[in-house]
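These notes concern the structure reproduced below.
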Amino acid sequence: MTSKHPHIIIIGAGIVGASLTYHLAKQNARVTLLDKAAKPANEATEKSFAWIVAGYDATQMYMSLRQQAISDWHRVEDELNRRLKIDWTGALTWLESNEKTEEWMCKLKHSDSKVRLVEEQELRLLEPNLKTVPSLAMFAEDEGAINPNLTTNLFIKAAQEWGAKVLLDAEVLSLLINKSAIEGVATNKGTIIADVVVLATGVNTVSLCHPLHLKLPIDVSPAILMELHNPDRFVNHIVSNPFMEIRAASDTLTLAAENYIDESSIQQR
Ligand SMILES: Cc1cc2nc3c(=O)[nH]c(=O)nc-3n(C[C@H](O)[C@H](O)[C@H](O)COP(=O)(O)OP(=O)(O)OC[C@H]3O[C@@H](n4cnc5c(N)ncnc54)[C@H](O)[C@@H]3O)c2cc1C
């Protein structure tokens with residue numbers, strides 16, 4: 001293609017594809033977002049616990065990414081004129097034992113994280129409905145959570161306002177490959193030519209890449225997401241412990257997530 005603005009196709013309207021489309025469209029790129037489903041946020045995104053930022057890793061690289069992610073989410077909140085509402089509640093995490101929690105906290109001390117230790121008394125004030133209260137927990141006050149469906153749809157709406165095209169019910173059947181170049185996609189609605197094709201297709205990326213002989217390190221890792229409908233809010237923060245992760249999505253809806261498979265027992269086998 002010879003146009004000054006290359007045509008970019010993004011396949012997959014989950015949170016990743018939607019965010020990419022928004023950020024590229026905002027920079028005047030010619031973007032077309034495709035999804036096989038009739039609505040955005042169709043797969044992992046729809047079922048996400050959506051914690052910013054789940055899990056800790058004490059390496060400097062992870063910690064920089066974590067800080068970057070948090071500040072980018074604040075930026076996006078501003079850019080979208082507060083149409084995006086992030087629950088910056090903070091996250092409380094504890095591990096199997098106080099020793100492990102402390103050990104982990106020690107590792108984090110060497111990074112520039114804003115995570116601090118809280119003791120039982122403060123924890124009881126922060127989460128008065130906890131039945132079993134550990135004597136130590138880590139408190140990441142700068143963390144929060146999004147509504148993944150609303151956020152994905154907001155990114156797409158904002159991208160369209162910047163001129164992006166969105167095609168739903170458009171399944172990409174294969175990539176159009178000419179020698180070593182990808183020249184577009186074949187979809188159930190016909191062929192679309194592009195200068196750049198971005199695969200934001202989650203676990204389906206593996207099969208789309210087969211013809212390229214690429215072996216991607218992407219695995220399916222099943223998880224359970226529970227929705228609890230409750231008359232009143234009973235959890236104030238994101239709470240994460242060895243049993244589950246739990247947070248209030250609203251005053252009357254609580255989300256709980258847990259790995260579907262006990263991965264520790266698989267590793268031991
Ligand atoms: C229970 C659970 C809890 C989670 N908790 C967290 C958390 O707390 N914090 C966190 O950061 N992450 C969490 N995650 C992970 C996070 O949700 C995912 O990493 C994220 O949603 C992936 O987004 P994605 O856009 O890459 O993929 P997806 O949301 O899977 O989107 C892929 C899109 O591609 C489309 N597609 C696929 N193939 C094609 C094709 N051939 N043609 C056209 N369209 C196609 C699909 O329809 C889909 O809309 C959780 C996930 C789950 C399931």
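The values are calculated or read from the model by the stated rules, or taken from the named source; none is laboratory data. Note that the coordinates shown come from a computational prediction; the quantities given were computed from them, not determined experimentally. Ideal geometry is used to build each Cβ from the backbone, glycine not excepted, and the neighbour counts take in all protein chains shown. Each accessible area value is taken on the protein alone, full model and side chains, heavy atoms only, with ligands, DNA and RNA left out. Shrake-Rupley method; radii C 1.70, N 1.55, O 1.52, S 1.80 Å.
Checked against the criterion of being of a type outside the set (Phe, Trp, Tyr), under 20 Å from residue 200 (Cβ atoms), surrounded by fewer than 18 Cβ atoms within 10 Å (Cβ to Cβ) and within 14 Å of the ligand (Cβ to nearest atom), region 71-90 contains one or more residues that satisfy it. Among strands (runs of 3 or more DSSP E) entirely within region 171-236, having at least 1 residues that are near the ligand (Cβ under 8 Å from one of its atoms) singles out 172-178, 181-187, 223-229. Taken over region 23-40, the criterion of being in contact (Cβ under 8 Å) with a residue 12 or more places away in the chain, in a loop (DSSP other than H, G, I, E, B) and more than 6 Å from the ligand (Cβ to nearest atom) is satisfied by 28, 29, 38, 39, 40.
For region 30-60, the set of residues classified as buried (at least 20 other Cβ atoms within 10 Å of the Cβ) and among the small types (Gly, Ala, Ser) consists of 41, 48, 50, listed by residue number. Restricting attention to region 166-188, the residues that are modelled with pLDDT of 95 or more and either not aliphatic (A, V, I, L, M) or not assigned by TED's automatic domain parsing to the domain that holds residue 39 (or both) total 7. Beta carbons closer than 7 Å, at least 6 apart along the sequence or on distinct chains, pair a first residue in region 41-70 that is closer than 27 Å to residue 156 by Cβ with a second that is surrounded by fewer than 16 Cβ atoms within 10 Å (Cβ to Cβ) for 47/225; 49/225; 52/69; 53/69.
Test residue 184 against the stated conditions and say whether it is open to solvent by less than 70 Å² (accessible area, probe 1.4 Å), in contact with a Leu (Cβ under 7 Å, 6 or more places away or on another chain) and at positive phi. Considered against the rule, which asks whether it is open to solvent by less than 70 Å² (accessible area, probe 1.4 Å), in contact with a Leu (Cβ under 7 Å, 6 or more places away or on another chain) and at positive phi, residue 184 comes out as yes. In the set (1) in contact (Cβ under 8 Å) with a residue 40 or more places away in the chain; (2) assigned to a loop (DSSP other than H, G, I, E, B); (3) open to solvent by 20 Å² or more (accessible area, probe 1.4 Å); (4) assigned by TED's automatic domain parsing to the domain that holds residue 160, the condition left unmet by residue 20 is number (2). Evaluate the following for residue 27: is it surrounded by fewer than 13 Cβ atoms within 10 Å (Cβ to Cβ) and within 17 Å of the chain's Cα centre (by Cα)? Taking the combined requirement at face value, the residue does not satisfy it.
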